[in-house]
Every structure is written in structure tokens, then in C-alpha cells.
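The values are calculated or read from the model by the stated rules, or taken from the named source; none is laboratory data. The structure presented is a predicted model; accordingly, all values stated were derived computationally and were not measured. When we count neighbours, we look across all protein chains shown, and the Cβ atoms used for this are built from the backbone with ideal geometry, even at glycine. In case anyone asks, the SASA skips ligands and DNA or RNA and just uses the protein heavy atoms, side chains included. Shrake-Rupley method; radii C 1.70, N 1.55, O 1.52, S 1.80 Å.
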Amino acid sequence: SKTNQLLMNLEFHQVQWDVQQLRHLSTLLESSSNIRQVGFRRNRFDKQCLAELCEIMKRNRVIKEIMFSESGIGFAGAGFLASALKVNESLEELQIWEDSIGSKGAEELSKMIEVNSTLKVLTIFDSNSITATPLISAVLARNRSMEVHVWSGENGERSSKVVEFLPENSTLR
């Protein structure tokens with residue numbers, strides 16, 4: 001429909017997803033060629049829903065930016081996203097703003113960085129600053145021109161930037 005062609009950004013607040021809803025989202029994304037950004041704030045996904053979302057991201061060729069904020073995807077969700085982004089060739093920016101992916105999730109994302117050539121910006125918030133290490137290592141080892149921003153803090157506060165890598169001037173701070 002005409003509405004679908006005008007739609008560019010989708011943002012979902014406090015949605016408790018089930019598989020059927022994700023299939024409807026998949027249908028919407030497949031019928032719209034203009035949706036560039038999808039955001040999930042304080043959403044809830046069980047493992048089955050995360051797997052379904054992963055399948056959507058494997059197939060999607062339009063979305064440029066996806067953001068998860070306080071959605072509790074955990075290291076399992078980071079793993080699902082990483083496996084989807086190993087084959088997705090359109091996503092340019094991934095943001096995960098929450099206190100949960102940990103070193104396991106960071107390891108999965110770093111494996112994805114090794115094979116994904118389209119992701120340009122990766123922003124992670126995690127209370128444990130060690131999360132930054134595998135991500136930066138993967139970017140530098142692959143000589144990737146990917147911006148990386150890793151934030152850390154107490155109680156969800158983005159109090160300090162642990163590390164940033166800016167490829168345009170090869171600066172690691």
C-alpha cells in the first residue's frame with residue numbers, strides 16, 4: 001500500500017513479542033522498501049522470538065539501522081543477532097543499549113565482525129567494560145572501517161565511554 005511506501009522508521013515501546021506478531025512484522029518489512037530504521041525500547045523477546053527476529057534480519061535487504069534499548073536480549077540475543085548479521089548485507093548500524101550482553105555476547109558479535117563487511121557503526125552499552133575487548137580486537141584485526149563505541153556505567157547510566165574507534169582518522173581512544 002501507499003502507506004507502506006512512506007514508512008521509513010519503526011519504533012516499538014514496551015512490546016511483549018510473540019512469534020505471530022513477529023511474522024506480521026516480517027510481512028510489513030517485506031512489503032515496504034523504505035523502512036530504514038527499526039528500534040525496540042523496553043521490549044521483551046523470548047528465545048523463540050529472538051530466533052524469529054534473527055530469520056527476519058537474515059532475509060532483510062532494506063533496514064540500515066537497528067537499535068535495542070533496555071530490551072533484555074542478553075548474550076543469547078546478541079548471538080542470534082550476530083548469526084543474522086553474518087549473512088545480512090544491508091545493515092549499517094547496530095546499537096545495543098542495555099546491561100546484558102556480557103563477554104559471551106561480545107565474543108559472538110566479534111565473530112560476526114570478522115565476516116560482515118557492511119556494518120559501519122556498532123554502539124554497545126554494557127555495565128562490564130571488558131565487553132569492549134573482543135569487539136575492538138576484531139575490528140582492528142580485520143582492518144575494518146567500522147566505528148565502535150562502547151559505553152559502561154552503573155544502573156544503566158551511560159556514565160563513561162570505555163572505548164571508541166574512529167576509522168576515518170584511525171583513532172582509538
Are any residues in the stretch 9-62 of a type in the set (A, V, I, L, M), touching a Leu at 6+ places or on another chain (Cβ under 8 Å) and in a loop (DSSP other than H, G, I, E, B), and if so, which ones?
Ile35, Val62
Residue that is among the hydroxyl-bearing types (Ser, Thr, Tyr) and either part of a loop (DSSP other than H, G, I, E, B) or modelled with pLDDT under 90 (or both), where the choices are Ser110, Ser83, Ser127:
Ser127
So, Ser33, is that one farther than 22 Å from Phe75 by Cα, open to solvent by less than 30 Å² (accessible area, probe 1.4 Å) and among the small types (Gly, Ala, Ser) or not?
no
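Considering only residues that are buried (at least 19 other Cβ atoms within 10 Å of the Cβ) and of a type outside the set (Ser, Thr, Tyr), which ones fall in the stretch 94-116?
Leu94, Ile96, Glu98, Ile101, Gly105, Ala106, Glu107, Glu108, Leu109, Met112, Ile113, Asn116
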Please identify the pairs in which a residue from the stretch 136-147 that is free of Cβ contacts under 8 Å to residues at least 60 places away in the same chain has its Cβ atom under 7 Å from the Cβ atom of a residue that is in a loop (DSSP other than H, G, I, E, B) and open to solvent by 50 Å² or more (accessible area, probe 1.4 Å), counting only partners at least 6 apart or on another chain.
Met146/Lys120; Glu147/Lys120
Please work out which one of (1) assigned to a strand (DSSP E or B); (2) of a type in the set (A, V, I, L, M); (3) farther than 17 Å from Asn88 by Cα is the condition Met67 fails and give its number.
(3)
Residues of the stretch 50-82 satisfying the condition of being in contact with a helix residue (DSSP H, G or I) (Cβ under 6 Å, 6 or more places away or on another chain) and open to solvent by 40 Å² or more (accessible area, probe 1.4 Å)
Lys58, Phe75, Phe80
I want to confirm something. Restricting to the stretch 141-160 and keeping residues that are part of a strand (DSSP E or B) and buried (at least 16 other Cβ atoms within 10 Å of the Cβ), which single residue is modelled with the lowest pLDDT?
Ser152
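Looking at Ser26, is it surrounded by 15 or more Cβ atoms within 10 Å (Cβ to Cβ) and more than 20 Å from Val148 (Cβ to Cβ)?
Against the criterion (surrounded by 15 or more Cβ atoms within 10 Å (Cβ to Cβ) and more than 20 Å from Val148 (Cβ to Cβ)), Ser26 qualifies.
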